[in-house]
Structures are given as structure tokens and as C-alpha cells.
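The values are calculated or read from the model by the stated rules, or taken from the named source; none is laboratory data. This is a predicted model, so every value here is computed, not measured. When we count neighbours, we look across all protein chains shown, and the Cβ atoms used for this are built from the backbone with ideal geometry, even at glycine.
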Amino acid sequence: MKREPIRVLQALRVMNRAGIETWLMHLLRRFDRRQIAMDFLVQTEEPGAFDDEIRSLGARILPCITPSQPWRYSWNLRRILNGAEPYHVVHSHNYFFAGLDLKVAAQAGVPHRIAHMHPHRDIAAGRPFRSVYRSLMCYWIRSYSTCILAPSQASLDAFSQYADCGATPRGVVWNCVDLSAYREPVDKHEVRRRLGLPLDVPLIIYVARFAPHKNHLFLAAVADRLEELGVRAAFVVAGSDGEARREFEQRIAGRTNFSIFVNEPDISPLLNCADLFLFPSSEEGFGTVAIEAAAAGLPVVASDLPAIREACALSHRSFMFPPGDDRAAAMNIRGILGDGDVYRKLRRDAMRWAEQFSVEPVAEQLAEVYRTGRPAAAGVESLDREAIAK
């Protein structure tokens, strides 16, 4: 007898090139649709960067507007869930708004309802009436979720401070990366020449959506510090477009040591030709891009945030810096680039670390959640828990 696939509806804002969305694309490419059939509920009718590929893989993009009108949004979602083919799982990545997604899913009879808490903190906490909204959504998450996931232990613990979901199964599913793009030898000089990047100085890279909490302005401050220290370096910044892009471009206007790539479809060539990854974000749920940088063999100098610490190799954690401390960041960069032995050790450690985050084990772990409704052991079993906590 033919077995029906598990039908999963992923709920998020839009399928553009960003961390959560790229992770979901890795899973979509990996899953056999005859076993796990994923579709995507988005909150816009504007096209997303991944839409064409999603459709080519047999999945659907289902617009559900508008979240600013929750009654209309609920009606649209209920209509989608009550379609001809029922969903077995609703997997919401919409942070607190997941409460509404899962409430409607429960009313529609969806058996497995997952709230995936990616952020480590509520960056919109200062908005008017935010606490009222958060309290209501957390109540609905407690009431209607059957499973709570996070990409890091830090994010899972942080959400527990907002909502006591002790009776709900919880677990960590680490984000994964496609390691195949980083396993072949690369002629860095040729890649830089093709991309129009400097050939004669170390290249420091940052990859992140142009959003305020990604802290792009910090790069200019670090560049100034490095110049004071006599360290020659160039910076390449890549990411999907966002509201912080214009201010950053104004800040670096006239500088010849910065290159910007916006909405680049493939960042692996940029990472493969760089020398060091600077990660100054002030908020992360995990920091998947640190894993991609590690896969490319890059030493990672990052903000010392709990979730990013989980994403960094043990030897790299001593080069983390207090958030916002550009002097400490510049000193760490100088220490790495100026010591060949340290640099080579960090490269080796980075590549070994990244191997733990390949797509296959993470996909199997999430598939088990979809089959059983309960999270299993963490996807990266060799993480040093004591080192993470320090």
C-alpha cells in the first residue's frame, strides 16, 4: 500500500536570501517529496528570491496576507489549511506571531504544530503595546504548540523567559550548511580578480542582511582601528538588501577599501577568496554564517553573544570580543593575521568544526520531529557544553 507523504507547511515572512530561508532551502533540496512534502506560507504577494527554485522542486508558495490585519490573516490561513490536501505539520518561523499561526492550525485540526524560536531576544521590545502583544502570543504558543524548537540552546533558553512551556516538548535543531561549495580547492587570486576585489591585502568579509541589528557600521570603526594599528586590509560586505544599507553606504562613502555585494545569489566564492570573517552582529539566534565561514576555512572574529558562541569552533572563542568593542575586535584581527601559526591552526579547526553541520544529519533530525512530533537529540552531538557556557 502506498504511503502518503508528511505534508509540512513552513510559515515565514518571505523566501528571500537570509539565514532561515537558506536553511529551509537546504532541507527542501534534501527531502524526498514522496516522504516529506514541504510548502511555504508567506506574508506577501511580492516574489521572493527562492520562489522559482521552490516551484521547480514541486513545492508551493502560498501567500497569506496580511499579518497587520490578524482577522483577515486568520481567515486566509484557515482557508489554506482546509484545502483539499490536509497538512500534518505547521512549522512557524514567525517568532511570537507563531502564536496566531498555531492557534489557527489547531482549530483546523493540524496534529503537529511547531513554534521555531530563532531570535535570541525581542529586538522590537521598545515598540508601543509590544508587551501586550507578546503576552498574548506567548499564551497562544503555550496553548497550541505541540513542539518548540530553536537553532541554539541560548535561543531556546531565552524564549523560556518569555513563556513557560515546560509541558511542551522542546529541543534544538541546529541550522545546517551545504558544505559541497567549500570542499574543492580554490584559486583565491583568480576569484578576487574576477570579482574585482583587491589582490594584495588581506580580505575581511562580513555576510549579513542589511538590518540594524547586524551592526554593519561597526565595520567602518574596525577599519579605522586597524589603520591606527598599521594593519592593511580590505573589507567585503555581502547580504540581502535592507533598511540599514543606505546608512552604511553613506558611512563608507569615499573609502577605497570597502566592496559591497547586494543580493548575491551565491556567497561561497566571496567566502572562499577571503582571509577572515568578522561577525559584529548585536543579535543572533545562532549565527549560521559563522559555520559557512568556517567551512571556507576562515578564522571567525565575532561578537561574544551566547548563540554565536555555540556556532564558533572552540579555538575561535578566545578571539570573540565584547559586543560593540571595535578596539578589541581590531586587536584580535591583528593577532590572527600577524601570526601564521595561529592563522593556520584556526583554519584547520574551522574546517573540522563545519563538518558537523552538514545537511544530512540535520535533515534527518527534523524529519524525525515531523514523523513523531517530538525533538530528538541535538544535531551536533560533539559540542563542548562546558566550553559553550564559559
> Considering only the range 147-180, how many residues are within 23 Å of the chain's Cα centre (by Cα), closer than 29 Å to Val359 by Cα and part of a loop (DSSP other than H, G, I, E, B)?
Replying inline: 8
>> I'm trying to understand the selection: among the residues of the range 65-89, which are more than 13 Å from Ala11 (Cα to Cα) and touching a residue at least 60 places away in the same chain (Cβ under 8 Å)?
In response: Glu85, Pro86, His88
>> Among the residues of the range 219-237, are any in contact (Cβ under 8 Å) with a residue 40 or more places away in the chain and on the phi > 0 side of the Ramachandran plot?
In response: no
> From the set of residues in the range 254-300 that are acidic (Asp, Glu) and in a loop (DSSP other than H, G, I, E, B), which is surrounded by the fewest Cβ atoms within 10 Å (Cβ to Cβ)?
Replying inline: Asp266
>> Condition first: in contact (Cβ under 8 Å) with a residue 60 or more places away in the chain, under 20 Å from Pro212 (Cα atoms) and over 22 Å from the mean Cα position of the chain (by Cα). Now tell me which residues in the range 296-328 satisfy that.
In response: Asp326
> So which strands (runs of 3 or more DSSP E) are wholly in the range 1-104 and hold at least 1 residues that are touching a Lys or Arg at 6+ places or on another chain (Cβ under 6 Å) and not hydroxyl-bearing (Ser, Thr, Tyr)?
Replying inline: 36-42, 89-92
>> Of the residues Ala376, Ala387, only one is more than 24 Å from Arg183 (Cβ to Cβ), modelled with pLDDT under 95 and not in a helix (DSSP H, G or I); which?
In response: Ala376
> For the range 68-91, which residues satisfy the criterion of being closer than 24 Å to Leu149 by Cα and touching a strand residue (DSSP E or B) at 6+ places or on another chain (Cβ under 9 Å)?
Replying inline: Leu77, Ile80, Leu81, Pro86, Tyr87, His88, Val89, Val90, His91
